[in-house]
Amino acid sequence: MAKDKSIYICNECGASSARWLGKCPGCGAWNTLVETIAEPAAAGGKNRLGASFAALVPPAGVRPLAEIEAVDVARTPTGQGELDRVLGGGIVQGQVVLIGGDPGIGKSTLLLQALDALQRTQRGGDTLAAGPLPRQGAAPSGGSAAGEAAQRGSSMLYVTGEESGAQVALRAKRLGITGSQVAVLAEIQLEKILATLGQQQPAVAVIDSIQTVYSDQLTSAPGSVAQVRECAAHLTRWAKASGCAVVLVGHVTKDGQLAGPRVLEHMVDTVLYFEGDTHSSFRLIRAIKNRFGAVNEIGVFAMTERGLKGVSNPSAIFLSQHAQPVPGSCVLVTLEGTRPMLVEIQALVDTGGPSPRRLSVGLERDRLAMLLAVLHQHAGVATGDQDVFVNAVGGVRISEPAADLAVLLAITSSLRGKALPKGFIAFGEVGLAGEVRPAPRGQERLKEAAKLGFSVAVVPKANAPKKSDKAFEGLTIHAVERVDEAMALLRGLDA
């Protein structure tokens with residue numbers, strides 16, 4: 001018996017190599033080549049679909065873009081408001097969603113709740129637009145489009161490859177889900193899953209998880225790069241051809257990235273990341289890619305005994321409740337997608353040794369080092385011999401540069417040992433020349449702060465309101481152009 005030939009495929013770009021290399025020859029990434037079994041070439045010189053290039057027919061219906069009518073897609077709410085926010089308003093027919101997160105973070109719990117809510121909504125007739133999710137294309141002979149849509153809209157399918165049906169039922173019991181009509185299939189073979197999809201014709205199907213699914217056409221093991229890529233491609237083609245919305249659950253690596261080939265994220269329509277500490281009751285779900293909505297939207301959930309519940313006012317969980325203002329604390333108005341959100345930035349400056357430490361949690365570490373250099377050069381505040389620790393409360397991750405000014409004010413407050421005034425907020429980007437640059441949608445940030453009762457704001461001059469507005473009543477706004485102005489203003493507020 002001939003020995004199977006092995007090849008090495010890059011997890012990032014999908015490039016292949018006959019032997020293992022530390023650096024991928026395709027994209028240059030390190031330690032991304034994974035061994036897999038080489039698939040034999042198809043007989044007759046044809047590809048896996050059984051068609052040669054000579055038999056390919058040019059596609060018909062090529063039209064200028066100006067002649068194509070732009071039609072808004074219909075969305076169906078999932079019953080989870082925060083999930084709908086991240087998806088862009090609801091789920092779309094034929095949409096393929098990839099959701100990843102750490103083990104035990106709540107992916108299966110959220111999807112089971114969403115499927116049950118969708119099933120109950122469809123049965124009750126309360127659907128978006130004109131009825132249940134319709135199937136794309138013309139109705140088959142002998143049937144009507146309305147009848148086919150009704151048949152499709154009455155079914156939700158949960159395919160579990162990591163648990164048995166009894167385990168899924170036990171989780172549903174813990175969540176208080178009783179009398180659910182969601183169909184459950186415990187299967188990992190792709191061909192059987194596709195056959196069930198064709199038979200059931202569900203409106204929404206969840207595959208939990210894509211790393212457990214395998215195809216008989218491939219000899220490699222489940223979870224390998226080839227299996228994940230091919231199975232995801234087949235499921236994506238099924239979703240686009242049938243109109244069934246497919247949700248794929250993906251594992252993550254130790255770095256928090258979705259496991260498997262990078263091409264997996266390019267094939268799907270929406271990529272969601274589940275974030276949060278398993279020791280905390282709060283979870284964040286973030287949209288990294290979305291062809292049907294805005295990216296970088298964030299949804300906030302609280303894990304309860306009855307599953308995940310949406311948090312309508314997330315600012316409350318990211319603000320520590322201090323009886324009195326404390327040194328080293330500054331509230332930032334950040335922007336997550338379309339939602340202004342208040343987050344507390346805490347800083348601790350302590351006497352360091354020969355090699356002072358710079359540590360940030362929830363913020364970019366390299367940017368912290370840059371801000372400390374700007375603070376020294378343009379405001380005369382030296383921290384070269386101090387340990388500096390910065391943390392975003394609540395486990396939220398802040399990537400926008402509008403947090404710069406709040407970070408500098410928190411560091412200065414800790415270094416001086418004096419708390420900022422009560423009801424104080426700040427935001428603004430800081431440049432290397434010491435200038436304070438405007439943040440996008442500054443008016444919305446200020447309105448959110450005024451609505452929550454904050455009284456003092458330090459903002460970039462370009463973000464200061466040009467005229468009086470009742471939405472800013474009770475909020476004293478100080479506009480600054482440079483870092484030294486902000487530090488001088490801070491000393492004036494102390495006086």
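The values are calculated or read from the model by the stated rules, or taken from the named source; none is laboratory data. Keep in mind that this is a model prediction, so the values were computed, not measured. When we count neighbours, we look across all protein chains shown, and the Cβ atoms used for this are built from the backbone with ideal geometry, even at glycine.
A count restricted to the range 51-83 and to residues that are at pLDDT 75 or above, over 31 Å from the mean Cα position of the chain (by Cα) and assigned to a loop (DSSP other than H, G, I, E, B) stands at 5.
If you check E448, E473 for being assigned by TED's automatic domain parsing to the domain that holds V331 and free of Cβ contacts under 8 Å to residues at least 60 places away in the same chain, only one passes: E473. Of the residues screened, I345 is one that is surrounded by 22 or more Cβ atoms within 10 Å (Cβ to Cβ), touching a residue at least 12 places away in the same chain (Cβ under 8 Å), outside the structural domain of G81 (by TED's automatic domain parsing) and within 24 Å of F472 (Cβ to Cβ).
Against the conditions (1) closer than 30 Å to S355 by Cα; (2) in contact (Cβ under 8 Å) with a residue 60 or more places away in the chain, L493 satisfies every one except (1).
When V333, V300 are checked against the criterion of being among the aliphatic types (A, V, I, L, M), under 27 Å from L98 (Cα atoms) and crowded, with 23+ Cβ neighbours inside 10 Å, a single residue qualifies: V300.
Considering only residues that are of a type in the set (K, R) and either at pLDDT 95 or above or assigned to a strand (DSSP E or B) (or both), which ones fall in the range 335-360? Result: R339, R358.
Out of N290, N313, one residue alone is farther than 23 Å from L446 by Cα and of a type outside the set (D, E). It is N290. When Q189, Q217, Q199 are screened for being farther than 12 Å from G161 by Cβ, of a type in the set (S, T, N, Q), surrounded by fewer than 22 Cβ atoms within 10 Å (Cβ to Cβ) and touching a residue at least 24 places away in the same chain (Cβ under 8 Å), only Q217 passes. Looking across V456, V483, V436, one residue alone is at pLDDT 90 or above, of a type in the set (A, V, I, L, M, F, W, C) and farther than 26 Å from E364 by Cβ. It is V456. Here the range 266-288 is the region considered, the condition is being surrounded by fewer than 17 Cβ atoms within 10 Å (Cβ to Cβ) and not aliphatic (A, V, I, L, M), and the residue that is farthest from the chain's Cα centre (by Cα) is H279.
In this structure, R237 does not satisfy being under 24 Å from G79 (Cα atoms) and within 28 Å of the chain's Cα centre (by Cα).
Listed here are the residues, each with its yes/no results for (1) among the basic types (K, R); (2) in contact with a Gly (Cβ under 8 Å, 6 or more places away or on another chain).
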site	(1), (2)
G380	no, no
T383	no, no
V396	no, yes
L408	no, no
R416	yes, no
G423	no, yes
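If you go through the range 426-445 and keep only what is touching a residue at least 40 places away in the same chain (Cβ under 8 Å) and charged (D, E, K, R), you end up with E435, R441, E444, R445. Regarding the range 361-371, can at least one residue be identified that is in a strand (DSSP E or B) and surrounded by fewer than 22 Cβ atoms within 10 Å (Cβ to Cβ)? Scanning the range 361-371, I find at least one residue that is in a strand (DSSP E or B) and surrounded by fewer than 22 Cβ atoms within 10 Å (Cβ to Cβ), so the answer is yes.
Conditions tested, residue by residue: (1) out of contact with any helix residue (DSSP H, G or I) (no Cβ under 9 Å at 6 or more places or on another chain); (2) in contact (Cβ under 8 Å) with a residue 12 or more places away in the chain; (3) within 26 Å of G428 (Cα to Cα).
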| residue | (1), (2), (3) |
| --- | --- |
| E297 | no, yes, yes |
| L308 | no, yes, no |
| A323 | yes, no, no |
| T334 | no, yes, yes |
| P340 | no, yes, yes |
| R357 | yes, yes, yes |
| S360 | no, yes, yes |
| R365 | yes, no, yes |
| L375 | no, yes, yes |
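No other residue among S468, S399, S413 is closer than 16 Å to S329 by Cα and either buried (at least 24 other Cβ atoms within 10 Å of the Cβ) or polar (S, T, N, Q) (or both) apart from S413. For the range 1-50, a residue qualifies if it is modelled with pLDDT under 80 and basic (K, R), and the qualifying residues are K3, K5, K46, R48. T127 falls short on exactly one of the conditions (1) over 16 Å from G307 (Cβ atoms); (2) among the β-branched types (V, I, T); (3) at pLDDT 90 or above, and that condition is (3).
Checking each residue in the range 63-116 for being closer than 21 Å to A294 by Cβ, without any contact (Cβ under 8 Å) to a residue 40 or more places away in the chain and aliphatic (A, V, I, L, M) picks out A70, V71, A114. Output the residues belonging to the range 302-327 that are farther than 21 Å from F454 by Cβ and outside any loop (DSSP other than H, G, I, E, B). Of everything in the range 302-327, those that are farther than 21 Å from F454 by Cβ and outside any loop (DSSP other than H, G, I, E, B) turn out to be A302, M303, T304, G307, L308, K309, G310.
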